[in-house]
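Q: Just passing along the structure, written as structure tokens.
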């Protein structure tokens with residue numbers, strides 16, 4: 001797309017996605033962006049006392065900075081997605097039984113998904129970050145439905161043990177906020193954040 | 001997915017999607033369903049005086065019945081998606097300038113998307129239909145942004161002149177309801193409707 005903001009984002013200096021998530025890669029490709037992927041090993045821990053929104057931003061910035069060292073002149077994009085139910089962060093399931101337990105907890109309830117993201121320009125290390133939040137409501141799921149879904153294998157690499165862009169869609173009757181934020185990257189918020197950062 | 005309801009939906013009799021929409025085809029494939037596509041020519045007009053929700057259901061049923069004749073024993077699925085702003089139905093744009101005018105109207109405002117769907121079993125002609133509604137909020141778009149988006153060509157075959165699953169995603173900061181309903185098929189509502197219809 002010959003959108004002026006996205007054009008400048010891509011043309012100004014090489015664009016690097018500092019995330020190994022195939023979902024984030026697909027979303028940036030959907031916008032027509034051309035970029036490379038560079039993932040650094042980062043311990044995904046944050047200081048105690050941060051809110052979920054602050055944690056997501058903290059981890060996004062940590063990932064962006066960890067990848068920045070290798071690029072003398074680039075724009076790095078990083079993100080972190082967090083699923084929160086009853087004030088508790090629900091991570092990725094360690095195994096099948098943990099995935100089942102997570103989905104049992106989400107069944108019939110509304111939880112919140114936060115995706116923090118960070119845009120970092122090297123060598124200036126000029127950085128801008130933001131976070132979006134979406135409420136996601138699951139219908140009640142039976143044990144048979146949960147197990148059939150877990151058997152697809154999809155839950156295992158995902159926070160909260162589900163992907164809204166896969167078969168779990170049949171259980172999600174409502175969201176409030178940005179859909180792509182739940183997938184892993186809040187496209188509209190990202191675009192708004194880019195506007196002053198990549199203005200002429 | 002070995003989901004009991006989807007399994008029965010597919011196993012009971014051949015499944016036919018009575019819609020030419022590549023988006024609907026992709027959504028049913030996402031659920032792991034196997035089906036054929038059969039599109040009948042149907043005049044997309046509805047009786048005056050119907051609400052948007054009633055119109056969407058009426059047209060979905062019309063499409064399902066129009067395709068049913070060719071199938072002695074099948075389950076047909078049809079759908080119709082309607083975009084409504086200020087109580088007025090906004091159809092597909094006839095040309096580039098109409099697409100631009102539609103997007104100018106949607107800019108900075110919230111509109112509603114209705115998708116009616118119909119599930120029809122032949123030869124009994126047993127039919128069940130429902131409709132879902134999602135509120136979609138666009139950020140303000142500049143003329144340059146609108147024109148760049150229209151130049152992608154994506155708006156031309158879509159009610160309201162946008163596809164939430166393409167580059168227009170950068171302008172949509174919020175939805176309330178089902179995302180897939182906006183794409184063209186409300187997966188969660190469809191699944192709930194299937195439950196009694198395909199119970200053991």
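Q: Give the residue, chosen from A:11, A:43, that is in a loop (DSSP other than H, G, I, E, B), without any contact (Cβ under 8 Å) to a residue 24 or more places away in the chain and out of contact with any strand residue (DSSP E or B) (no Cβ under 7 Å at 6 or more places or on another chain).
A: After applying the criteria, what remains is A:43.
Q: Also: Determine which member of the set B:33, B:6, B:50 is closer than 22 Å to residue B:165 by Cβ and either buried (at least 19 other Cβ atoms within 10 Å of the Cβ) or without any contact (Cβ under 8 Å) to a residue 24 or more places away in the chain (or both).
A: B:6
Q: Residues of segment A:89-106 being part of a loop (DSSP other than H, G, I, E, B) and in contact with a helix residue (DSSP H, G or I) (Cβ under 7 Å, 6 or more places away or on another chain), which ones?
A: Residues satisfying the conditions are A:91, A:92, A:93.
A quick yes/no check of all residues on (1) within 14 Å of another protein chain (Cβ to nearest Cβ); (2) touching a strand residue (DSSP E or B) at 6+ places or on another chain (Cβ under 8 Å); (3) over 25 Å from residue B:192 (Cβ atoms):
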| residue | (1), (2), (3) |
| --- | --- |
| B:98 | no, no, yes |
| B:101 | no, no, yes |
| B:117 | yes, yes, no |
| B:127 | no, yes, no |
| B:136 | yes, yes, no |
| B:146 | yes, no, yes |
| B:151 | yes, no, yes |
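Q: So which residues in segment B:157-177 are touching a strand residue (DSSP E or B) at 6+ places or on another chain (Cβ under 8 Å), outside any strand (DSSP E or B) and surrounded by fewer than 20 Cβ atoms within 10 Å (Cβ to Cβ), if there are any at all?
A: If the condition is that a residue be touching a strand residue (DSSP E or B) at 6+ places or on another chain (Cβ under 8 Å), outside any strand (DSSP E or B) and surrounded by fewer than 20 Cβ atoms within 10 Å (Cβ to Cβ), then no residue fits.
Q: Further, regarding this structure: Among all residue pairs at least 6 apart or on different chains, which show Cβ distances below 9 Å where the first residue, located in segment A:128-147, is within 15 Å of residue A:184 (Cβ to Cβ) and the second is surrounded by fewer than 16 Cβ atoms within 10 Å (Cβ to Cβ) and modelled with pLDDT of 95 or more?
A: That search, which allows pairs on different chains as well, returns A:131/A:54; A:136/A:110.
Q: Identify all residues within segment A:1-51 that are within 14 Å of chain B (Cβ to nearest Cβ), over 22 Å from residue B:145 (Cα atoms) and modelled with pLDDT under 95; write none if there are none.
A: none
Q: Of all residues in segment B:164-200 being on the phi < 0 side of the Ramachandran plot and out of contact with any helix residue (DSSP H, G or I) (no Cβ under 9 Å at 6 or more places or on another chain), which is nearest to the other protein chains (Cβ to nearest Cβ)?
A: Among those that are on the phi < 0 side of the Ramachandran plot and out of contact with any helix residue (DSSP H, G or I) (no Cβ under 9 Å at 6 or more places or on another chain), it is B:176.
The values are calculated or read from the model by the stated rules, or taken from the named source; none is laboratory data. Keep in mind that what you see is a predicted model, and the values were worked out from it rather than measured. No Cβ is skipped: glycine too gets one built from the backbone with ideal geometry, and neighbour counts run over all protein chains shown.
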